[in-house]
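The values are calculated or read from the model by the stated rules, or taken from the named source; none is laboratory data. Predicted, not measured: the structure shown is a model, and the values here were computed from it. Here the Cβ positions follow ideal geometry from the backbone for every residue, glycine too, while neighbour counts run over all protein chains shown.
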Amino acid sequence: MQRWLFGSECGVAIAGSLFCFLPQALAVTPEGIPGGVVNPETLVAQVPSPSQVPLPQLPDPSQLAPDPNRDRLIQPAPTPTAPEPSQPVLPPTPTPTPSPEPSPNPQAPTITVTSIKVIGSTILGATELNPLTQPLEGQTVTLEQLRQVADAITQLYLDRGYITSRAILTDQTITDGVVQIQVVEGSLERIEIEGTQRLSQSYVRNRIQLGTTPPLSRDKLEDQLRLLKADPLFTNVEASLRAGTQLGQSILIVQVTEAKAIDGLLQTDNYSPPSVGAVRLGGAISYRNLTGIGDQLSASYFGTTRGGSDAFDFNYSVPVNAMNGTVQLRVAPSKNRIVDPAFRALDIRGETSLYELSYRQPLLRTPREELALSLGFALQDGQTFLFNDLGFPFGVGPDAEGNSKTRVLKFGQDYVKRDPQGAWALRSQFSLGLGILNATENEAPTPDGRFLSWLAQMQRVQRLGNSNLLIAQLDLQLTPNSLLPSQQFVIGGGQSLRGYRQNVRSGDNGFRFSIEDRITVLRDEAGLPTIQLAPFFDMGAVWNRAGNPNPLPSQTFLAAIGLGLLWQPIPRLNLRLNYAIPFVDISDRGNDAQDEGFTFSLSYEF
């Protein structure tokens, strides 16, 4: 007799009617009694018919994150939010009062000028200087007229933001009518830092020095101070310039206020596949500046209320240069178990472990834009089990004991561009699965650990007015290979494609598009939104590489429209409710709240 058991591509969270044959030689008792041999008729009797109950999902343990696609990207990119209006960190520079036009003085000494040479300028060329100097060449002029030329050159520097540079008419002996105007380009004599407690002063100084190359530019210095002010290590940064001991030199005084070392998050939501329990509880905590060099240690845990899922995530990151080049080590073990009562006798479970080392280096970094490259290596092992401890593959790809192993080299690129009306965020990652360190290997087109894939994400945040914020997102994955579940593109759920259950479809390739308009209904006394309505539209699709032996359900294109409510009753407490109406009524729809289009998230930051 054939014995049917639900399988979904080695544990991918697909709510489709996909089955696999249970081997006849399986010698394990369903109720966990060791040593017995299962009678085929008995086992079949214990497994409900597909027509009697909805089939459960067995999520791949690596896909327990609310957005598995985003979770595969190495290191977080900058947040794509528009720069908020704020006061400059440096106080405004007083505009020099122009010298009054001198009254003609017939007794003033005059000089016959044949040429004027401007010495010491690395910024201004002949194009800028000739219109100021040539009108006086070949003329008999006064010292005051020459000083006015020097003042005009100084003004050119000031107009370009070089606030401590000056052009002066030095004491000199004029020979053959050649007059020299000396430019003293401003520089920093030193940086004095006040207010640091646990953080090394070199962390602050090295970042500021990126904006202090001579000649000292107010704009470049202001950029570095703004980046420092936006750093989570600080709650405030103030700065001032005062005259140094030499002409053209300045002393920068920087006052910083360090942020608290520990912050965290408590959260509950229904961003988990219903087969392991839809509702999650958990939180995250981070300790900043662990050793005084700006490093951070963080940890998170989320588990379902029905006990079907436990996911941990540990991160340690350390900046290694003033451009915020960052090394990150990540360890993320997780496990899950089918909690559907109809299939509890089969005791289906899975577990995985992820170890990842990555390095992200910004090449361009200002408050308005950032461009960075990333390189990482991830080692991931997963296994699925039947009757609790019998390794068993679900789908084609893992070995006979349900093991799937990938060793992935990742090369990422990210870019953020901010403007007064919004921001663009672009992320791209090439993943190369290597056949090393006992990675899963099969003959093509069977999925294994050797592959090449490209994952791209694009986001635009656009202000449509004082009360409207439009958010558009596009995700895309392309690959020429059949992929193991941990590398597939996933859609469905509260942070992916609303209106369908979490991770309802996955495939080798896929795309997702989402657009949402957040409309502010109520603000607090500070003018910050407290209640927002968010109509949205989501759609996505997945498809497999031709020849992939793991079949997909017939309905692989999904779309939904809905409305979200965002409420912040008190600071740091955030509630989000979504209701979505699906355009595609899938045949494997379940009866969870997610299947009815309802998702929620409640979080508190501390």
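Tell me yes or no: at least one residue of region 294-301 is at pLDDT below 95, crowded, with 20+ Cβ neighbours inside 10 Å and out of contact with any Asp or Glu (no Cβ under 6 Å at 6 or more places or on another chain).
no
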Legend entry - Residue list for region 521-532, filter: β-branched (Val, Ile, Thr) and under 25 Å from the mean Cα position of the chain (by Cα): 530
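Residues 266, 281, 225: which one is in contact with a Phe, Trp or Tyr (Cβ under 6 Å, 6 or more places away or on another chain) and either at pLDDT 95 or above or under 17 Å from residue 90 (Cα atoms) (or both)?
266
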Inset, instruction - Kindly indicate whether any position in region 142-151 is in contact with a strand residue (DSSP E or B) (Cβ under 9 Å, 6 or more places away or on another chain), surrounded by 17 or more Cβ atoms within 10 Å (Cβ to Cβ) and farther than 18 Å from residue 117 by Cβ. - result: no
Legend entry - Selection count where residues are farther than 30 Å from residue 140 by Cα, surrounded by fewer than 20 Cβ atoms within 10 Å (Cβ to Cβ) and of a type in the set (D, E, K, R), scope region 171-216: 6
Inset, instruction - Output the residues belonging to region 228-281 that are under 29 Å from residue 295 (Cα atoms) and in a loop (DSSP other than H, G, I, E, B). - result: 231, 232, 233, 259, 260, 261
Legend entry - All positions within region 374-408 that are touching a Phe, Trp or Tyr at 6+ places or on another chain (Cβ under 8 Å) and among the β-branched types (Val, Ile, Thr): 384, 408
Legend entry - Number of positions in region 531-566 that are part of a strand (DSSP E or B) and either in contact with a Phe, Trp or Tyr (Cβ under 7 Å, 6 or more places away or on another chain) or crowded, with 19+ Cβ neighbours inside 10 Å (or both): 16
Legend entry - Unique residue being under 21 Å from residue 434 (Cα atoms), buried (at least 18 other Cβ atoms within 10 Å of the Cβ) and within 21 Å of the chain's Cα centre (by Cα) when the list is 483, 469, 455, 497: 455
Legend entry - Which numbered condition residue 261 fails, given (1) in contact with a strand residue (DSSP E or B) (Cβ under 6 Å, 6 or more places away or on another chain); (2) small (Gly, Ala, Ser); (3) surrounded by 16 or more Cβ atoms within 10 Å (Cβ to Cβ): (3)
Inset, instruction - Hey, could you check region 533-572 for residues that are among the hydrophobic types (A, V, I, L, M, F, W, C) and over 28 Å from the mean Cα position of the chain (by Cα) and say which is farthest from residue 498 (Cα to Cα)? - result: 546
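Can you tell me which residue within region 520-571, out of those that are closer than 30 Å to residue 587 by Cα and of a type in the set (S, T, N, Q), is modelled with the lowest pLDDT?
Of everything passing the filter in region 520-571, 554 is modelled with the lowest pLDDT.
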Inset, instruction - Tell me which residues, restricted to region 496-513, are assigned to a strand (DSSP E or B) and out of contact with any Gly (no Cβ under 8 Å at 6 or more places or on another chain). - result: 506, 507, 509
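A quick yes/no check of all residues on (1) under 27 Å from the mean Cα position of the chain (by Cα); (2) of a type in the set (A, V, I, L, M):
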{"position": "265", "(1), (2)": "yes, yes"}
{"position": "290", "(1), (2)": "yes, yes"}
{"position": "305", "(1), (2)": "no, no"}
{"position": "312", "(1), (2)": "yes, no"}
{"position": "317", "(1), (2)": "yes, no"}
{"position": "326", "(1), (2)": "yes, no"}
{"position": "338", "(1), (2)": "no, yes"}
{"position": "345", "(1), (2)": "no, yes"}
{"position": "351", "(1), (2)": "yes, no"}
Inset, instruction - Can you tell me which residue within region 500-549, out of those that are in contact with a Pro (Cβ under 9 Å, 6 or more places away or on another chain) and among the acidic types (Asp, Glu), is farthest from residue 470 (Cα to Cα)? - result: 508
Legend entry - region 378-389, residues that are assigned to a strand (DSSP E or B) and exposed (fewer than 15 other Cβ atoms within 10 Å of the Cβ): none
Legend entry - Test result for residue 575, assigned by TED's automatic domain parsing to the domain that holds residue 476, outside any loop (DSSP other than H, G, I, E, B) and of a type outside the set (S, T, N, Q): yes
